[in-house]
1. Evaluate the distance, in nm, between pseudo-label points positioned 7 Å from the Cα of residue 52 and of residue 73 along their respective Cα→Cβ axes.
2. Highest first, please rank the peptides 37-50, 66-79 by the mean number of other Cβ atoms sitting within 10 Å of their residues.
3. With the full set of protein chains in place, find how many percent of the accessible area of segment 25-68 is carbon and sulfur; take the probe as 1.4 Å.
4. Where the eigenvalues come from the Cα gyration tensor of the chain, what are the semi-axes √(5λ) of the equivalent ellipsoid, largest first, in whole Å?
5. From Cα pairs below 8 angstrom and at least 6 apart in sequence, can you work out the relative contact order of segment 1-44, rounded to a whole percent?
6. Once ligands and nucleic acids are excluded and a 1.4 Å probe is used, how much of residue 87 is accessible, expressed in Å² to the nearest 10?
7. Over the chain, with the other protein chains present, what is the accessible area per residue in square angstrom, probe 1.4 angstrom?
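The values are calculated or read from the model by the stated rules, or taken from the named source; none is laboratory data. Here the structure is a predicted model, which means the values were calculated and not measured. All Cβ positions, glycine included, derive from the backbone under ideal geometry; neighbour counts span all protein chains shown. Each accessible area value is taken on the protein alone, full model and side chains, heavy atoms only, with ligands, DNA and RNA left out. Shrake-Rupley method; radii C 1.70, N 1.55, O 1.52, S 1.80 Å.
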Amino acid sequence: TMLSGTPNVVRDVRDSGLMVGNSGWVVPPQKPEAMARAIRGAHSEWTDDPSAWQQRRVEARRRIVERFTFERMAAAYERVWERVSRSG
């Protein structure tokens, strides 16, 4: 969804927080109250502050396009396999 420019609300598990960063809302895991506040905050921004919402949309897409391309993912996997093959 970030690639399409949709800001996300995520729990900070695995790489979710890293991926979303400041383009959305990252909440601690197993904190339903924090998740509810973040969802309300996202909705409020969407309805009450369109310019801030638009900035998040642009940042969400930019983060994915710049940091999480297929080429970068493939290169990261290649580095891992190179390390594994050298250690075996």
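1. 3.2 nm
2. 37-50, 66-79
3. Its accessible area is 55 percent carbon and sulfur atoms.
4. 32, 17, 6
5. It rounds to 34 percent for segment 1-44.
6. Surface open to solvent at residue 87 totals about 100 Å².
7. It amounts to 74 Å² per residue over the chain.
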